[in-house]
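Here is the structure we will look at, set down as structure tokens.
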Amino acid sequence: MIALLALPAPAEGAASGGGTGGMADAVSALVVGYCVVRAVRSRRRPLSRTAAVVIGLPVVGITAAAFGASSAATGVAGAARYLQIFVLVPAAVLLLIRDAHHFRLLAWSFVGLGLWQGVIGVHQNLTGTGASYMGEDIRAVGTFGSTDVMGMATVVSYGLVCALALAFRPHAPRRRTAAVVCAGLLTVPLALSFSRGAWIATAAACAVVLVLAGVRRAARILLVAGAAAVVLVAGFGVGSAMLQERLSSITQVTDTPDQSVTDRYTMWAAAADMWREHPVAGVGLKGFPDHRDSHASLALSSGSDTAGAGSGFVRQPLLSPHNMYLLVLSEQGLLGLGTLAGGWAALLVCAVRRWKRQRAGRDQAGGPRLDCALVACGLLVWQLIDFMYADIGGTSTVLTAVALGMAAWWAVGSRGLRTTAVRGEAGAAR
């Protein structure tokens, strides 16, 4: 699934979920099917009770919202997509990761994919072949195209968080050095993506990773990073005027927001208004576009302009509020938001509790796994914060499901799998 996201996606398929994203989705279906067959053949419960409840909780809200969709076909299609991303693929990833070695291999694949997409993105910026941004084709989008500008930003952010966490792997100095170098390299394409939401989420996730690795160490690293940033920007003038303007706009969105910010605020208000009319179950899956115009103010534009990166000018319709929580609240109501976000919150709590046991040396799975804990917590924090500025959609969405599965393995899965394996080995020895 991850390798397919490194291939070029046709510009016409990016917005519709086709191209390589569709291929990755197809492979994810095969992976889920394989796990189902393996579970049936083994004739034993594949998940612990805790894992089954936490991962399966969103099924309640998704099913209820599917019955409230405008048509049966819409409800089935929407439910299939939500179940794929938030239930089935995460559960499959949890089952297929056998130990910390597999977990780290998957984390390094995130780093590798981020580096590949980042190299393409930097080349696009330097050669003026990226997506259009303020009249110039300089926005780094990797192979995802101008109609999915968040694709490369998501992939690079995942890779940066994983690299930073892997830099704290115990007893592996060479891998730690390589991880530090990769993390530093990935900051360049992330900056050139001009994605404010990805910047905020990555900064928060990296801060969490550093704090969990050690408060004193985190303070030293942040001081060094801050001093280096001051020297590079103020002393040597590193960073284009566009980049600095984009960064400063994060704190100015309430004063003089651009049209994209105005559209986002307008759609947020429309989503909240939909929820107030249908507080329990929402307007139904994929119902936001149908109810948008009746709840949005006149400040909303007709669409978003995209161009560059190998495609011509395209007027993208605004089909979601670009906020996962408000999208779920408007389409699935409090029932859907409570079950979906409740499952994510439970994963985060379990992951942090497992980290505490690991630090105290009381983890039943044994072994030095601090880097695994940092990867899981970092990815989960990144996703929960990024969902404030984005939602599911585009070719990189399947990677979100894999990240949630990795977090689930650390939070509620790995200990049970290790215990089962130990019991099986003991039985075979007898």
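The values are calculated or read from the model by the stated rules, or taken from the named source; none is laboratory data. Source: prediction; values computed, not measured. All Cβ positions, glycine included, derive from the backbone under ideal geometry; neighbour counts span all protein chains shown. We work out accessible area using only protein heavy atoms, side chains counted, and drop any ligands, DNA or RNA first. Shrake-Rupley method; radii C 1.70, N 1.55, O 1.52, S 1.80 Å.
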*over 30 Å from S294 (Cβ atoms), at pLDDT below 90 and part of a loop (DSSP other than H, G, I, E, B), is that true of T419?*
no
*Does region 110-152 hold any residues that are surrounded by fewer than 19 Cβ atoms within 10 Å (Cβ to Cβ), of a type in the set (G, A, S) and assigned to a helix (DSSP H, G or I), and which are they?*
G112
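Per-residue answers, yes or no, for (1) surrounded by fewer than 15 Cβ atoms within 10 Å (Cβ to Cβ); (2) in a loop (DSSP other than H, G, I, E, B); (3) at pLDDT 90 or above; (4) touching a strand residue (DSSP E or B) at 6+ places or on another chain (Cβ under 9 Å):
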site	(1), (2), (3), (4)
L5	no, no, yes, no
A9	no, yes, no, no
G17	no, yes, no, no
G21	no, no, no, no
V31	no, no, yes, no
C35	no, no, yes, no
R44	yes, yes, no, no
A52	yes, no, yes, no
G61	no, no, yes, no
_Condition first: in a helix (DSSP H, G or I), farther than 17 Å from L379 by Cβ and in contact (Cβ under 8 Å) with a residue 60 or more places away in the chain. Now tell me which residues in region 153-194 satisfy that._
L185, V188, P189, L192
_Residue that is farthest from T400 (Cα to Cα), among those in region 70-89 that are touching a residue at least 24 places away in the same chain (Cβ under 8 Å) and of a type in the set (S, T, N, Q)_ = S70
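Out of all the residues in region 27-61, which are closer than 17 Å to K286 by Cα and in contact with a Gly (Cβ under 7 Å, 6 or more places away or on another chain)?
P58, G61
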*asked:* Taking the condition of being touching a Leu at 6+ places or on another chain (Cβ under 8 Å) and at pLDDT 95 or above, how many residues in region 380-394 meet it?
replied: 4
_Could you go through region 170-177 and let me know if any residue there is farther than 17 Å from S109 by Cβ and among the basic types (K, R)._
yes
*Go through the residues of region 64-74 one by one and say whether even a single one is over 29 Å from L318 (Cβ atoms) and at pLDDT 90 or above.*
no
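Examine region 266-273 for a residue that is assigned to a loop (DSSP other than H, G, I, E, B), touching a helix residue (DSSP H, G or I) at 6+ places or on another chain (Cβ under 9 Å), at pLDDT 85 or above and open to solvent by less than 50 Å² (accessible area, probe 1.4 Å), and state whether such a residue exists. Talk me through it step by step, then tell me what you get.
In the first step, residues of region 266-273 are kept if they are assigned to a loop (DSSP other than H, G, I, E, B); the result is none.
No: region 266-273 contains no residue that is assigned to a loop (DSSP other than H, G, I, E, B), touching a helix residue (DSSP H, G or I) at 6+ places or on another chain (Cβ under 9 Å), at pLDDT 85 or above and open to solvent by less than 50 Å² (accessible area, probe 1.4 Å).
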*Is region 355-373 home to any residue that is open to solvent by less than 50 Å² (accessible area, probe 1.4 Å), out of contact with any Cys (no Cβ under 8 Å at 6 or more places or on another chain), among the aliphatic types (A, V, I, L, M) and modelled with pLDDT of 90 or more?*
yes
